[in-house]
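The structure appears below as C-alpha cells.
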Amino acid sequence: TPTVYSLDGLLVFGLLLVCTCAYLRKVPRLKAWLLSEKRGLWGVFYKAAVIGTRLHVAVAVSCILMAFYVLVVK
C-alpha cells in the first residue's frame, strides 16, 4: 500500500505542510501571493503557516521525532 494511506505517512505529510507553509510565510512575495486568503482551500495553507509559526518548538520536536521514527523504527 502507498505510504500516503498509512497514519505515519499522513503525519509526515502534515508536518511537511506545516513546515513548508511556515517557511513560505517568511518570504514577503510568497506571503502576499500564497498566504493572503484566510478561507477556502488557500486558507488551509494560511492556517498551516500560523500553526507553524506559533507552535514552532512543538513542530520542530515533532519533526525530529518523526525523522527518528522513519529512519530507525520503520
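What is the percent carbon and sulfur in the accessible area of the chain, measuring with a 1.4 Å probe over the protein chains and ignoring ligands? Don't skip to the answer; put the middle values down first.
Working: 4170 of 5860 Å².
Answer for the chain: carbon and sulfur cover 71 percent of the accessible area.
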Legend entry - Helix 7-25 vs. the chain, principal-axis angle (Cα, 0 to 90°, nearest 10): 30
Inset, instruction - Return one number: the angle in degrees, 0 to 90 and rounded to the nearest 10, between the long axis of the Cα atoms of helix 40-54 and the longest principal axis of the Cα atoms of the chain. - result: 70
Legend entry - Residue-span extension gain [TYR69 to LYS47] - 0.36 nm each, minus C-alpha spacing: 5.3 nm
Legend entry - Proximal lysine pairs, the chain, alpha carbons under 28 Å, eight or more residues apart or interchain: 4
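Would you mind getting the accessible area per residue of the chain, heavy atoms of the protein chains only, 1.4 Å probe, in Å²? Spell out each step's value before the answer.
Working: 5860 Å² over 74 residues.
For the chain, the per-residue accessible area is 79 Å².
The values are calculated or read from the model by the stated rules, or taken from the named source; none is laboratory data. Remember, predicted model here, so these are calculated numbers, not experimental data. Please note that ligands, DNA and RNA were not included when accessible areas were found on the heavy atoms of the full protein model with its side chains. Shrake-Rupley method; radii C 1.70, N 1.55, O 1.52, S 1.80 Å.
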